[in-house]
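Note sheet for the following structure.
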Amino acid sequence: MAELTARYAERGHVTVPGVFSAAEMDEAIADIHAWGEEFLAELSPAERRWYVDSGVKHATVLRKLDNPVFHRPAIRRLAAKPTLVELVETLIGKGVSVVFSQVFFKPPRGGGPKPVHQDNWYFGPEDPEGLVTAWVALDDADLENGCMHFGEGTHKEPLVSHVAPEGQPFNLLIPEEVARKVPMTPAPVPKGGVSFHHGNVFHQSADNNSDRWRRAVAMHYVRNGNRFVNAALTYDSSVVVRIS
Ligand SMILES: O=C(O)CCC(=O)C(=O)O
């Protein structure tokens, strides 16, 4: 655990392989695809533009789904797994909740990049050290299929003002002229592993240029009582799931 906290403090992210078994990941994959099909059937045209991956040629594939930890018991069980909770509590302190969670789908040859951003710009927590994202790799994530990249050490700096591209009010990102000055280090994660990242660290994900899926669940944990005092987007407190 000392190595985990030292790496996290130094780089702003740390990867732990083998938190979940392949069978647990396969069960989660089946669950999110079933949920995705139900969800797609109910989307309005405007919502489809935000949720559907327009880069995919032959199928309608969701880009993301929000709050799986709240909506799906199978994903909530993952979020409450004692091995994971112990790791989260080692990083941000005891007594934690998942305030928001997301499924990210990158289908084969689909799934465009997610630009550089800082999660704490979105959430604006009172204590920036009291928020960590646990990014659970449902598939092997590597350079070819769009793994995450981190600007190591950027969590030690203050937040940067984000901007939203035209017509994408929820896609807040660090302006290109700032992002381009920061080297980004790839962080491959094997299936069942978890990448933990600090809320202030610059991060992005690349395109999926492979014939494989790259699916992940991002669980944003806060230490209980850490309020969002400066959030850039509005979050629904009724979907917060207390874990410990
Ligand atoms: O999975 C991705 O591609 C992006 C994830 C992300 O930005 C996050 O977990 O904060």
Practice task
Taking the Cα centre of the stretch 2-242 as origin, sum charge times position over the Cβ atoms of Lys and Arg (+1) and Asp and Glu (-1), and report the length of that vector in debye to the nearest 20.
Solution key: 60 debye
Problem - Flagged links, alpha-carbon separation over 18 Å, of Lys94/Lys191; Lys64/Lys156; Lys64/Lys106; Lys156/Lys181 - result: Lys94/Lys191; Lys64/Lys156
Completion exercise
Filtering the chain for DSSP H helices with an axial alpha carbon extent of at least 20 Å and a Kyte-Doolittle mean of at least -1.0 returns 22-41
Completion exercise
Taking Rh as the Kirkwood radius computed over alpha-carbon pairs of the stretch 2-242 and applying Stokes-Einstein at 25 °C with viscosity 0.890 mPa s, one gets a diffusion coefficient in µm² s⁻¹ of 137 µm²/s
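Which percent of the Cα-Cα distances in the stretch 1-116 go past 22 Å?
Values: 3106 of 6670 pairs.
Looking at the stretch 1-116, the distances longer than 22 Å represent 47 percent of pairs.
Ranked highest first by the average count of other Cβ atoms within 10 Å around their residues, in what order do 92-98, 82-88 fall?
My ranking of the peptides, most packed first, is 92-98, 82-88.
Only the coordinates and a few stated rules stand behind these numbers; no lab work does. In this text the structure is predicted, and so the values were computed from the model without any measurement. As a convention, Cβ positions derive from the backbone with ideal geometry for all residues, glycine included, and neighbour counts pool all protein chains shown.
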